[in-house]
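A short worksheet on the structure shown next.
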Amino acid sequence: MSQTCLVKFSRPAEARMAIRRLLQAGIQPESMDVMTSQPIHGEPFVPNLKPTRLRTWALCGAGLGLLGGCSLATITALNYPLVKGGMPIVAPWTVGLITYETTMLGAVLATLVGLLVELRLPNFKNLPYDPSVVDGGVVLAVSCPEGSRASVETAVGAAGASKVNWVS
Amino acid sequence: MPQWGMTVDLDRCTGCEACVVACHAENNLPIVGPEQAAMGRTHQWIRVERYWEGEFPNIRARFMPVMCQQCDAAPCEPVCPVNATYHTPDGLNAQVYNRCVGTRFCANNCPYTVRYFTWFTPEWPSPLNEQLNPDVSIRTSGIMEKCTFCVQRIRRAQDTARDEDRGVGDGEIQPACAQACPAKVLVFGDLSDPDSQVSQLAHSRRGYRLLEELGTRPRVVYLKEADA
Amino acid sequence: MAHDTAPHHQSEAQINRDLLGPLFKTGPKYYVMLAILAAVTGMVFVAWFVQLVYGIGMAGKNRPSFWGLYITTFVFWIGISHAGTLISAILRVVQAEWRRPITRCAEAITTFALITGSLFPLIHLGRAWLFYWMVPYPNSRYLWPNFQSPLMWDFIAINTYLTGSVTYLYLPMIPDMAVARDKATGWRRKMYRLLALGWRGTEREWVRLEKAISIMALIIIPVAVSVHTIVSWDFAMTLMPMWRSTIFGPYFVVGAIFSGIAALLIAMVLVRKYFRLESYLEPLHFDNLAKMLFAMSLLWFYFTFTEYLVTWYGNEAPEMPVFWSKISGRFAPLFWLMVFCNFIIPFPILAIRKLRTIPMIFFASCCILVGMWLERFLIIVPTLTHPFLPYNYGTYWPSLTEAAIAAGTLGLFVLLYFLFAKFSPMISIWEYEEGLQVASKHTGELAEPTFVGQTVPGDVHPGH
């Protein structure tokens, strides 16, 4: 049975030190999560952070939009061949315009959907979270097996944790 | 496939506007009333433009009946977002009343300003409604309209000819304006038939097209006045 | 210009209080303004209803002026919508740090200006209840819209831009919704909980959110440019004199950014005053935007001058009546007022540092908005009233219904903005805090980024 604790630090340096100690104590990186009220620049807190594939999402969405827009403008114009002003039934300029807009629309929607999918949001389950983080500080959530409770407390205490809260 | 066209002999036009009246009657054009007319909302699918030339005492009035030129490269056709106007295979610029949503983009793009918009739904108080032409639909407010070369007469003549197993003869179709003109200014017919009267007149040395330099390729040929 | 943060450090708790305060506390002045705005907005819809019932003839348009106030105001609002996204996105891409307090105001302007502007293609339709025929949906009547029409391009482009700008507004709002959720009570808490999507601020979340926002910024810039270009092609694709001009694409985009920055400055001045955000929206921000506004004013003048010079020099018979009607004819008073408002008044105010104060910038921006609306009007109406065949020259006077609807949309826009200001912090909390983090790193005081307001041994300037 694993237990989760929420540890509050007042500075990112303290949190980094705690994570180093916890890694030395044998806690896996996947069991640690760092929460802040703003993105912290510098090295990632927890190593082995999975890279994001949002750019791929956006490009795929753009590709789908391109195909969709091109076929929409071309195929439907050929299905309704009305002569208008002596212009060709399928004009590359107008097809190009419509395609451009649908490409961008596809990229926008894919980015949004990709973000939500990668983050698994919306997520209203009660995941470990300390609301005081919005007023500053860093919150580290650590999941550890039953027996390691003491070593976790030692490690984070040595790094300067201001508050340790076992939530489960 | 006939290619309909018209010639307008400016040498013969007296500016009497019988064509305008006939068009009103034939196509159920609304009479908008004095306030709306003052606002500039009259409907005149064919109108006689009058230009004064010269200074007194050497003044001349020049009359020019202008109707939809049924352009082959009509600038009004590509700009309608709902495909309410297009070019028929027999060369007419078609306006589909029940498709029009009233963006008025086509009217903005017509260099001849021959498109007319119905701003308020017209009313014909009894007994004026008895005079309406049953072959032509009534346009309610928000719909664009213009000269159709009396397409109802064209189609009727074509239907009759088909029933009688013959082709349409030259001069058999007369739009209301051509029929009413006392000076035989307007001649309508099949431009693709080299023997038709309109074809012969269209090749006249006096012939020119309105705003030809814009490249709209209108199907109405104006015949200049003899001493112009 | 380095952001001198040390003496201005607010603690995060203070920032949260300052920026979330308006969400939870509302004074009577707000309700009075809200009532006025709601009345003005109601007038718009009442007037529109009258127009729908009696016919589009209730507007003052006629032949040959088939377009008038509605399309003018449509182009005006779509132009203003270029403020937010362009400023916010371009500044983000070039990593200009001073953008941080401005982005939320700007993105909100974009979204609401687009919503307000997109009403007009509905309002100006002759048979507005059939607007859905412009949507390409499968039907059994052999009907399809015409993709060769600039109005269809408008439809698709504006929808793309609206989707993009709502996304671009919402994504940076998510962490702020989380802060609001953590501070709110009652029904507000439930609402923010829903909107925060369960955001916790983990490292994974931040990395992905920032990536998504930077991708969106790169996408939204070309979309914004294309949208106003396409709107300009409603005119440039026609044959009409002085509309058939290849310069319209860039001209309109420049005009859009110009009016957009002016609108943003007005919004910022008012937000700063009424929400007491003087320590967040500093004179630096107004100064920088004012310099951008000055550059756009010069650009606008350059494009306008080119357009008119080329027309005059070409001396084409259909174009000269339009030209002269604007320079010295019936439209001359409006034309010269426009030049005055867009160039002559803003030039000294924005160019001379002493005059570039916040009240003067506000005044210049208001003049610019008036001038830009007039510019749209003067592009549309003189051309339409002077078509090719002189027999058809006409005049145009807006009707009361038309003017009520067009002017009332200002009330609608401000109403939407007003409601938004009570719903989301007008300055992006996390971006602002990130900016203080970056700035304190750059001043070199500390070896490592720290939270503002934290006292560090050896720190000479402690925070609050």
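So the values come out like this:
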{"quantity": "Residue that is surrounded by 15 or more Cβ atoms within 10 Å (Cβ to Cβ), at positive phi and under 17 Å from the mean Cα position of the chain (by Cα), where the choices are B:L211, B:L191", "calculated": "B:L211"}
{"quantity": "Test result for B:D170, free of Cβ contacts under 8 Å to residues at least 40 places away in the same chain, of a type in the set (D, E) and in contact with a helix residue (DSSP H, G or I) (Cβ under 8 Å, 6 or more places away or on another chain)", "calculated": "yes"}
{"quantity": "Counted residues, the stretch C:110-137 - those being in a helix (DSSP H, G or I) and either of a type in the set (K, R) or in contact with a Phe, Trp or Tyr (Cβ under 7 Å, 6 or more places away or on another chain) (or both)", "calculated": "10"}
{"quantity": "Test for A:A110: is it in contact (Cβ under 8 Å) with a residue 60 or more places away in the chain and small (G, A, S)", "calculated": "no"}
{"quantity": "Matching residues in the stretch B:199-228 - criterion: being under 30 Å from C:T238 (Cβ atoms), touching a Ser or Thr at 6+ places or on another chain (Cβ under 9 Å) and in a helix (DSSP H, G or I)", "calculated": "B:A202"}
{"quantity": "Test: residue in the stretch C:275-285 that is at pLDDT below 95, under 25 Å from the mean Cα position of the chain (by Cα), in a helix (DSSP H, G or I) and crowded, with 16+ Cβ neighbours inside 10 Å", "calculated": "yes"}
{"quantity": "The stretch A:19-42 residues that are within 14 Å of chain C (Cβ to nearest Cβ) and assigned to a helix (DSSP H, G or I), paired with ones that are surrounded by fewer than 23 Cβ atoms within 10 Å (Cβ to Cβ) and of a type in the set (G, A, S) (beta carbon under 7 Å, 6 or more apart)", "calculated": "A:S31/A:S143"}
{"quantity": "Single match in C:P398, C:P382 (criterion: within 27 Å of C:G117 (Cβ to Cβ), at pLDDT 95 or above and within 14 Å of another protein chain (Cβ to nearest Cβ))", "calculated": "C:P382"}
{"quantity": "Failed criterion for C:F377 (all others in (1) under 21 Å from the mean Cα position of the chain (by Cα); (2) farther than 30 Å from C:L281 by Cβ; (3) modelled with pLDDT under 95 hold)", "calculated": "(3)"}
{"quantity": "Qualifying positions in the stretch B:55-97 - in a loop (DSSP other than H, G, I, E, B) and out of contact with any Lys or Arg (no Cβ under 9 Å at 6 or more places or on another chain)", "calculated": "B:E55, B:F56, B:P57, B:N58, B:I59, B:P75, B:P81, B:T88, B:P89, B:D90, B:V96"}
{"quantity": "Residue ID - farthest from the other protein chains (Cβ to nearest Cβ), chosen from residues in the stretch B:32-85 that are more than 22 Å from C:Y396 (Cα to Cα) and of a type in the set (D, E)", "calculated": "B:E55"}
{"quantity": "Options C:V225, C:V254, C:V269: the member that is more than 20 Å from C:V370 (Cβ to Cβ) and aliphatic (A, V, I, L, M)", "calculated": "C:V225"}
{"quantity": "Residue in the stretch A:133-153 that is surrounded by fewer than 17 Cβ atoms within 10 Å (Cβ to Cβ), facing another protein chain (nearest Cβ under 7 Å) and either modelled with pLDDT under 85 or farther than 30 Å from A:A77 by Cβ (or both) present", "calculated": "no"}
{"quantity": "Unique residue being touching a Leu at 6+ places or on another chain (Cβ under 9 Å) and within 14 Å of chain B (Cβ to nearest Cβ) when the list is C:F112, C:F155, C:F120, C:F147", "calculated": "C:F147"}
{"quantity": "Matching entry among A:P81, A:P51 (being assigned to a loop (DSSP other than H, G, I, E, B) and within 14 Å of chain B (Cβ to nearest Cβ))", "calculated": "A:P81"}
{"quantity": "Test result for C:A212, touching a residue at least 24 places away in the same chain (Cβ under 8 Å) and within 7 Å of chain A (Cβ to nearest Cβ)", "calculated": "yes"}
{"quantity": "Subset of the stretch A:104-130 (residues that are modelled with pLDDT of 90 or more and at the interface with another protein chain (Cβ under 9 Å from one of its Cβ atoms))", "calculated": "A:M104, A:L105, A:A107, A:V108, A:L109, A:T111, A:L112, A:G114, A:L115, A:L116, A:E118"}
{"quantity": "Test: residue in the stretch C:323-333 that is out of contact with any Ser or Thr (no Cβ under 8 Å at 6 or more places or on another chain), under 15 Å from C:G68 (Cα atoms) and in a helix (DSSP H, G or I)", "calculated": "no"}
{"quantity": "Where A:A15 falls short, out of the listed (1) touching a residue at least 12 places away in the same chain (Cβ under 8 Å); (2) surrounded by fewer than 22 Cβ atoms within 10 Å (Cβ to Cβ)", "calculated": "(2)"}
{"quantity": "Residues satisfying the stated conditions in the stretch A:115-168, i.e. in contact with a strand residue (DSSP E or B) (Cβ under 9 Å, 6 or more places away or on another chain) and among the hydroxyl-bearing types (S, T, Y)", "calculated": "A:Y129, A:S132, A:S143, A:S148, A:S151, A:S162, A:S168"}
{"quantity": "Qualifying residue in the stretch C:102-120 (condition: out of contact with any Cys (no Cβ under 6 Å at 6 or more places or on another chain), more than 24 Å from C:F423 (Cβ to Cβ) and surrounded by 20 or more Cβ atoms within 10 Å (Cβ to Cβ))", "calculated": "yes"}
{"quantity": "Matching entry among A:N79, A:N123 (being under 22 Å from the mean Cα position of the chain (by Cα) and polar (S, T, N, Q))", "calculated": "A:N123"}
{"quantity": "Whichever residue in the stretch A:15-67 is of a type in the set (S, T, Y) and within 16 Å of the chain's Cα centre (by Cα) and, among such residues, is nearest to C:D176 (Cα to Cα)", "calculated": "A:S37"}
{"quantity": "Flag for A:G86 being without any contact (Cβ under 8 Å) to a residue 60 or more places away in the chain and more than 7 Å from every other protein chain (Cβ to nearest Cβ)", "calculated": "no"}
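Table: residues versus (1) closer than 26 Å to C:V370 by Cα; (2) in a helix (DSSP H, G or I).
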site: C:Q10; (1), (2): no, no
site: C:R17; (1), (2): no, yes
site: C:A39; (1), (2): yes, yes
site: C:F45; (1), (2): yes, yes
site: C:N62; (1), (2): yes, no
site: C:F74; (1), (2): yes, yes
site: C:A108; (1), (2): yes, yes
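The values are calculated or read from the model by the stated rules, or taken from the named source; none is laboratory data. Predicted model only: the values in this text are computed from it and were never measured. Positions of Cβ are generated from backbone atoms using ideal geometry, with glycine treated the same way; all protein chains shown enter the neighbour counts.
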